[in-house]
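The next block holds one structure in the form of structure tokens; read it before the comments.
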Amino acid sequence: MKAVVFRKGKGLVYENVPDYSLAPDEVLVKVANTGFCGSDHSLVAGGLLSDGYILGHEISGVVVEKHGVTISGIANVPGSVPVHSTWLYAHNMYYYVENLFKKGIGNFDLEDEIVKHSLVTYKGKILFAGALKAMGEK
């Protein structure tokens, strides 16, 4: 299949990548179009991507059946994204903060993928791998 892939020293490259092998409980959606959004740009600009990282998560696709499961729903995901970016940002921040403090103020779930990869410092220690790398620490 084709994908936009980040390659160290080259940037974004449109190339063939191996087809994904589905697990028994997974399904396949045939993507018609995908978008490159602000978060993708931030990952590239921030130097936070490893070689081979596949970008693009705003998709439109067609219904596909796999393992007896039919995928249905919004076929044009980008068309359903709010036009007003401030509204989208506000909602994203609300749900981010709600998730961040789901155990109460100051009680972060450091095993939560979103918290683990977005919390820069905690209790006087730098946790964010990108910051540690930039400072030459592990």
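Worth pointing out:
- Top-ranked residue of region 76-103 - restricted to ones that are at pLDDT below 85 and assigned to a loop (DSSP other than H, G, I, E, B), ranked as farthest from residue 57 (Cα to Cα): 84
- Residue list for region 2-13, restricted to those being within 19 Å of residue 61 (Cα to Cα) and exposed (fewer than 11 other Cβ atoms within 10 Å of the Cβ): 2
- Note on region 15-31: residues that are within 12 Å of residue 57 (Cα to Cα) and exposed (fewer than 12 other Cβ atoms within 10 Å of the Cβ) amount to 0.
- When residue 40 is tested against (1) modelled with pLDDT of 80 or more; (2) of a type in the set (D, E, K, R); (3) within 16 Å of the chain's Cα centre (by Cα), exactly one condition is not met: (1).
- For region 35-62, filtered to residues that are surrounded by 12 or more Cβ atoms within 10 Å (Cβ to Cβ) and β-branched (Val, Ile, Thr), the residue that is nearest to residue 135 (Cα to Cα) is 44.
- Residue 65 meets the conditions (1) closer than 22 Å to residue 22 by Cβ; (2) surrounded by 10 or more Cβ atoms within 10 Å (Cβ to Cβ); (3) among the charged types (D, E, K, R); (4) modelled with pLDDT of 70 or more in every case but one. The failed one is (4).
The values are calculated or read from the model by the stated rules, or taken from the named source; none is laboratory data. Since we're looking at a predicted model, the values are computed, not measured. Quick reminder, even Gly has a Cβ in these numbers, built from the backbone with ideal geometry, and neighbours come from all protein chains shown.
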